[in-house]
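Quick notes on the structure that follows.
The values are calculated or read from the model by the stated rules, or taken from the named source; none is laboratory data. Just so it is clear, the structure is predicted and the values come from calculations on it, not from any experiment. Quick reminder, even Gly has a Cβ in these numbers, built from the backbone with ideal geometry, and neighbours come from all protein chains shown.
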Amino acid sequence: MQVQGEAINLTLRAANDVRLHALKQVVFARLARLEQPVVPAWDHVAVGALPPNLTLAQVASVTRISPHFTRVRVEGHGLERFGDGGLHFRLLLARPGQAPVWPRIAADGRTVWPEGKDTLHRPVYTTRAFDPAGKWLDFDVFLHAGGRVTEWTSSAGPGDPVGLMGPSGSDTPQASWVGLFGDETALPAIACILAALDRKTRGDAFLQLSDLSDVQDLPHPPGVAVHWLTRGGGNDLVTALRGMALPETDRFVWFASEASEASAARSYLRDERGFGRAESNISGFWTAETSGHA
Ligand SMILES: Cc1cc2nc3c(=O)[nH]c(=O)nc-3n(C[C@H](O)[C@H](O)[C@H](O)COP(=O)(O)OP(=O)(O)OC[C@H]3O[C@@H](n4cnc5c(N)ncnc54)[C@H](O)[C@@H]3O)c2cc1C
């Protein structure tokens, strides 16, 4: 960063276009928080182009894999991007029966989202599997009442257009001991984390389901025990977390569930157990309408 008279010259450098674009969006967000918001003038802007972190794809197949899970395979070009840089992506869907209008890069470098009738639904999903050659990617949808993606899976079929924006979010924990806690929405992420953990990792994974017929076979290191909990009867994830003997060092807790549960887990680990930010990743993956969270 260099001050030049009244201006500040800012140079951003990143490994690729996707990361550079993400960095630009961070700069926008920071500048927008200033008392006198500043709009940067970039040297290079691909006005009207699709954002580099957006990949367009088509549905290849929709398969019910258990009573409450449907696996969606999408096909396209460049999907190998989703194998590195985070487990998650935003699924972009047009309103039922409408052709999608995709976001574009504006003259100021910002991603501009379609509005009104063209507003896209943008929930976050997890890359469950992908083709290293980049031709296909699988994600698993937990089917729940009132869900727009649940509704979409009931009629989606080969050729239907989707957008995938990302990747972002969690990576595989690196500690010798890990505690993994998640509900159905976190099952795909925990499956990927368990499969990617170092074989010497020790720890426990707790997965909470409403229906044990949704249990999946999850490959995992021999030193990590996998526990399936059924919802109700005091079998919740926060109780499981509180009941654990946690090591003092070289530890990592990954927790993802409904927002109010995640918040309770965060308070417990940070306030009662002294976990630092680098020792945990705790996220609300969805918000129950009764939880009072935004
Ligand atoms: C990083 C991250 C990764 C995720 N990965 C996955 C994944 O791989 N698979 C997956 O299925 N989900 C995943 N989720 C959760 C998913 O994004 C949310 O459940 C999202 O709300 C689904 O959108 P929808 O269109 O189904 O529901 P919406 O139309 O957004 O919501 C409709 C109603 O459904 C309720 N609702 C939302 N989720 C649930 C739920 N789980 N149980 C009961 N009611 C619910 C809402 O409270 C709302 O009332 C992830 C979330 C995050 C943040």
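Being surrounded by 16 or more Cβ atoms within 10 Å (Cβ to Cβ), free of Cβ contacts under 8 Å to residues at least 24 places away in the same chain and not aromatic (Phe, Trp, Tyr) is true for just one of LEU180, LEU229. Which residue is that?
LEU229
Which pairs turn up if I take residues in region 276-290 that are touching a residue at least 60 places away in the same chain (Cβ under 8 Å) and under 12 Å from SER257 (Cβ atoms) and look for partners that are β-branched (Val, Ile, Thr) and within 15 Å of the ligand (Cβ to nearest atom) with beta carbon separation below 6 Å, at least 6 apart in sequence or on another chain?
PHE285/THR185; TRP286/THR185
Could you tell me whether any residue of region 139-152 is more than 10 Å from the ligand (Cβ to nearest atom) and loosely packed, with under 14 Cβ neighbours inside 10 Å? Please lay out each step first, then the result.
First, pick out the residues of region 139-152 that are more than 10 Å from the ligand (Cβ to nearest atom): none.
No: zero hits.
Restricting region 109-138 to residues that are among the polar types (S, T, N, Q) and surrounded by 15 or more Cβ atoms within 10 Å (Cβ to Cβ), which is modelled with the lowest pLDDT?
This residue is THR111.
Give the residue, chosen from VAL39, VAL18, VAL72, that is among the aliphatic types (A, V, I, L, M), at pLDDT 95 or above and either assigned to a loop (DSSP other than H, G, I, E, B) or buried (at least 17 other Cβ atoms within 10 Å of the Cβ) (or both).
After applying the criteria, what remains is VAL72.
Report whether or not VAL141 is assigned by TED's automatic domain parsing to the domain that holds LEU91 and either out of contact with any helix residue (DSSP H, G or I) (no Cβ under 6 Å at 6 or more places or on another chain) or closer than 24 Å to GLY83 by Cα (or both).
For VAL141, the condition - assigned by TED's automatic domain parsing to the domain that holds LEU91 and either out of contact with any helix residue (DSSP H, G or I) (no Cβ under 6 Å at 6 or more places or on another chain) or closer than 24 Å to GLY83 by Cα (or both) - is met.
Residue under question is LEU87, and the condition is that it be touching a Cys at 6+ places or on another chain (Cβ under 8 Å) and either buried (at least 17 other Cβ atoms within 10 Å of the Cβ) or under 30 Å from ALA133 (Cβ atoms) (or both); does it hold?
Details: touching a Cys at 6+ places or on another chain (Cβ under 8 Å): yes; either buried (at least 17 other Cβ atoms within 10 Å of the Cβ) or under 30 Å from ALA133 (Cβ atoms) (or both): yes.
The answer is yes for LEU87.
Looking at ARG266, ARG199, ARG231, which one is among the charged types (D, E, K, R) and away from the ligand (no atom under 16 Å from the Cβ)?
It is ARG199.
Taking interchain pairs and intrachain pairs at least six residues apart, which have beta carbon atoms under 7 angstrom, with the first residue in region 194-206 and under 15 Å from ARG251 (Cα atoms) and not assigned by TED's automatic domain parsing to the domain that holds LEU87 and the second among the aromatic types (Phe, Trp, Tyr) and surrounded by 17 or more Cβ atoms within 10 Å (Cβ to Cβ)?
ARG202/TRP177; GLY203/TRP177
Have a look at LEU34, LEU10 and point out the one that is loosely packed, with under 14 Cβ neighbours inside 10 Å, free of Cβ contacts under 8 Å to residues at least 24 places away in the same chain and over 23 Å from the mean Cα position of the chain (by Cα).
Result: LEU34 is the single residue among LEU34, LEU10 that is loosely packed, with under 14 Cβ neighbours inside 10 Å, free of Cβ contacts under 8 Å to residues at least 24 places away in the same chain and over 23 Å from the mean Cα position of the chain (by Cα).
Go through the residues of region 101-108 one by one and say whether even a single one is touching a Ser or Thr at 6+ places or on another chain (Cβ under 7 Å) and surrounded by 13 or more Cβ atoms within 10 Å (Cβ to Cβ).
There is at least one residue in region 101-108 that is touching a Ser or Thr at 6+ places or on another chain (Cβ under 7 Å) and surrounded by 13 or more Cβ atoms within 10 Å (Cβ to Cβ).
For region 243-260, what are the residues that are more than 25 Å from the chain's Cα centre (by Cα) and either within 16 Å of the ligand (Cβ to nearest atom) or without any contact (Cβ under 8 Å) to a residue 40 or more places away in the chain (or both)? Before you say what the answer is, go through the steps one by one.
Taking region 243-260 and keeping what is more than 25 Å from the chain's Cα centre (by Cα), we get 243-249.
Answer for region 243-260, where residues must be more than 25 Å from the chain's Cα centre (by Cα) and either within 16 Å of the ligand (Cβ to nearest atom) or without any contact (Cβ under 8 Å) to a residue 40 or more places away in the chain (or both): GLY243, ALA245, GLU248, THR249.
Go through the residues of region 162-171 one by one and say whether even a single one is under 15 Å from ALA191 (Cα atoms), within 14 Å of the ligand (Cβ to nearest atom) and either at pLDDT 95 or above or part of a loop (DSSP other than H, G, I, E, B) (or both).
In the first step, residues of region 162-171 are kept if they are under 15 Å from ALA191 (Cα atoms); the result is 170-171.
Retained after the next criterion (residues that are within 14 Å of the ligand (Cβ to nearest atom)): 170-171.
Applying the additional criterion that residues be either at pLDDT 95 or above or part of a loop (DSSP other than H, G, I, E, B) (or both) yields 170-171.
Yes.
With respect to the numbered conditions (1) in contact with a helix residue (DSSP H, G or I) (Cβ under 9 Å, 6 or more places away or on another chain); (2) touching a residue at least 40 places away in the same chain (Cβ under 8 Å), which one is the sole condition not fulfilled by ARG95?
(2)
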